[in-house]
Amino acid sequence: MGKVFVPGTADRTADAVVIGGGIVGVATAFWLSKAGLKTILVEIRDGLSTLTTAASIESFRAQFTEPAMAALARESIEVWENFAEVVGIPDYQINLRHGGYLFISKDQSKFEEIKKTVEGYHAVGVLDSEFWTGDDVRVHYPWVSPDVIAGAFRAKDGWFSAHEATQGLAKGSPEAQFFLETEAQDIVVDQKGVSAVVTNRGTISTRTVVNSAGPFAIKIAEMAGVELPVFQVRRQRVFVAPHPRIPQDAPLTIDIDNDSYWRPETGGALMGWHDPAEPKTEPMRKPLGDYEFPAYTFDKVGALSPFWNDIMGDFKKPDLVVHAGQYVHAPDDQPLLGPVETVPGFFLNCAYWPGVMLSPAAGRWTADMITGRMKLEENPLRLSRFDEGVSIAPGALLRGRH
């Protein structure tokens, strides 16, 4: 079983060191330890998945048009659906719910766009995504605005507890060690490549380092002399307290006209929107939400889910809790996975806006590349894809880019 603790000060050795204790890093450590590698994960905070992971809406979807993203999503959903068996902990629960994902619009010009996007989902194997007319949408969900003209829906998309999933992956990791309150301060590189990670609690000698540091991935890469083509953007979400008029059988509902979304959660809801004016930011250890964000969000989600306009006045400040995190974007809005050719032993598993939903498969791909089970040329998300000119243009709805 994996061990999560605050270590003492001492030098150590490991087959692999994972930097970053969000769900992506923990999933990577899980698969590395399953492959028999002595694995140490270092996390600067006092708990796993307490920064960006904790600010997510904890959801998953298969509806991607990019082949690599669709493949990661399918593999990850299989893990979520069979989680207890995968981690080897009988009856372990992550509160999985197949509530569905529904993308909707009232913009007549987007009717064909949504239809073609669904065809794009089908082209990469997501055959159960459905194109709906506005009337179709309202037959299933009568609370949707009469202005909606079209939608894309997949019933088997949904959500789960990212906290429980992270803890389950850590507990189910064979012998992996998860060091809390441990800061990676430098990466030592010699003529053979990576040789050690220097932390505030001692130096860990290793020939393999995985950069899963979320919004801090760019700074970890700089320690190894690597420049990543990524940027960070703050994103916020609101937890809304329970209310009898919030339909708990609703799917995760996304208004693609204004990039807002909401889904039911324990009698209330989680909601947010992607502000196109949000600036690029430096990595933040404690992103703060805006006081006025809930009001803007109610206004956005109320456009196509008008019951929100009727009940928003019922909520007081204590009923609305804002969390903030950071999305990380590469030029094509797809993650960076695999080795950095210029620094042997330095691997990437970073640059996510959908890190929570793709984490188990991305961790497995990374571990398979490290152990040789996956050939590097089979990895379409390698850093060198941009220089090679093989990057795929993004096409899925709601990518979180401004």
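The values are calculated or read from the model by the stated rules, or taken from the named source; none is laboratory data. Just so it is clear, the model here is predicted, and its values are computed rather than measured. Positions of Cβ are generated from backbone atoms using ideal geometry, with glycine treated the same way; all protein chains shown enter the neighbour counts.
For this structure, a couple of remarks:
- Meets criteria (farther than 22 Å from Phe60 by Cβ, at pLDDT below 95 and outside the structural domain of Ser129 (by TED's automatic domain parsing)) for Glu175: yes
- Being touching a residue at least 60 places away in the same chain (Cβ under 8 Å) and more than 30 Å from Val26 (Cβ to Cβ) is a property that does not hold for Ala123.
- Among all residues of the stretch 208-228, there is at least one that is outside the structural domain of Lys300 (by TED's automatic domain parsing), at positive phi, out of contact with any strand residue (DSSP E or B) (no Cβ under 6 Å at 6 or more places or on another chain) and not acidic (Asp, Glu).
- Boolean, Glu181 is in contact (Cβ under 8 Å) with a residue 12 or more places away in the chain, surrounded by fewer than 22 Cβ atoms within 10 Å (Cβ to Cβ), at positive phi and within 25 Å of the chain's Cα centre (by Cα): yes
- In a residue-by-residue description of the stretch 296-312, the property of being modelled with pLDDT of 95 or more, crowded, with 20+ Cβ neighbours inside 10 Å, outside the structural domain of Ile246 (by TED's automatic domain parsing) and among the β-branched types (Val, Ile, Thr) applies to no position.
- In the set (1) part of a helix (DSSP H, G or I); (2) free of Cβ contacts under 8 Å to residues at least 60 places away in the same chain; (3) not hydroxyl-bearing (Ser, Thr, Tyr), Trp80 fails one condition alone, (2).
- Listed by first and then second residue, the pairs with beta-carbon distance under 8 Å, at least 6 apart or on different chains, first residue in the stretch 156-170 and assigned by TED's automatic domain parsing to the domain that holds Val79 and on the phi > 0 side of the Ramachandran plot, second surrounded by fewer than 24 Cβ atoms within 10 Å (Cβ to Cβ) and assigned to a helix (DSSP H, G or I), form an empty list.
- Test: residue in the stretch 279-286 that is assigned to a strand (DSSP E or B) and within 23 Å of Pro142 (Cβ to Cβ): no
- Test: residue in the stretch 346-365 that is within 26 Å of Ile187 (Cβ to Cβ) and over 18 Å from the mean Cα position of the chain (by Cα): yes
- Total residues in the stretch 83-118, condition closer than 27 Å to Tyr141 by Cβ and touching a residue at least 12 places away in the same chain (Cβ under 8 Å): 21
- Which listed residue is closer than 24 Å to Gly289 by Cβ and not in a loop (DSSP other than H, G, I, E, B), from Ala54, Ala70: Ala54
- From the options Ser391, Ser384, Ser359, residue that is among the hydroxyl-bearing types (Ser, Thr, Tyr), buried (at least 22 other Cβ atoms within 10 Å of the Cβ) and under 26 Å from Pro283 (Cα atoms): Ser359
- If you filter the stretch 106-148 down to residues that are surrounded by fewer than 19 Cβ atoms within 10 Å (Cβ to Cβ) and of a type in the set (Val, Ile, Thr), you find that the one that is nearest to the chain's Cα centre (by Cα) is Thr133.
- Taking the criterion of being of a type in the set (Gly, Ala, Ser) and within 30 Å of Ile44 (Cβ to Cβ), the only residue of the stretch 231-276 that qualifies is Gly272.
- Matching residues in the stretch 83-105 - criterion: being among the hydrophobic types (A, V, I, L, M, F, W, C), part of a helix (DSSP H, G or I) and surrounded by fewer than 21 Cβ atoms within 10 Å (Cβ to Cβ): Ala84, Val86
- Across the stretch 184-207, the number of residues qualifying as over 28 Å from the mean Cα position of the chain (by Cα) and either of a type in the set (D, E, K, R) or not assigned by TED's automatic domain parsing to the domain that holds Gly20 (or both) comes to 3.
- Any chance Arg263 is surrounded by 19 or more Cβ atoms within 10 Å (Cβ to Cβ), touching a Phe, Trp or Tyr at 6+ places or on another chain (Cβ under 7 Å) and within 28 Å of His140 (Cβ to Cβ): yes
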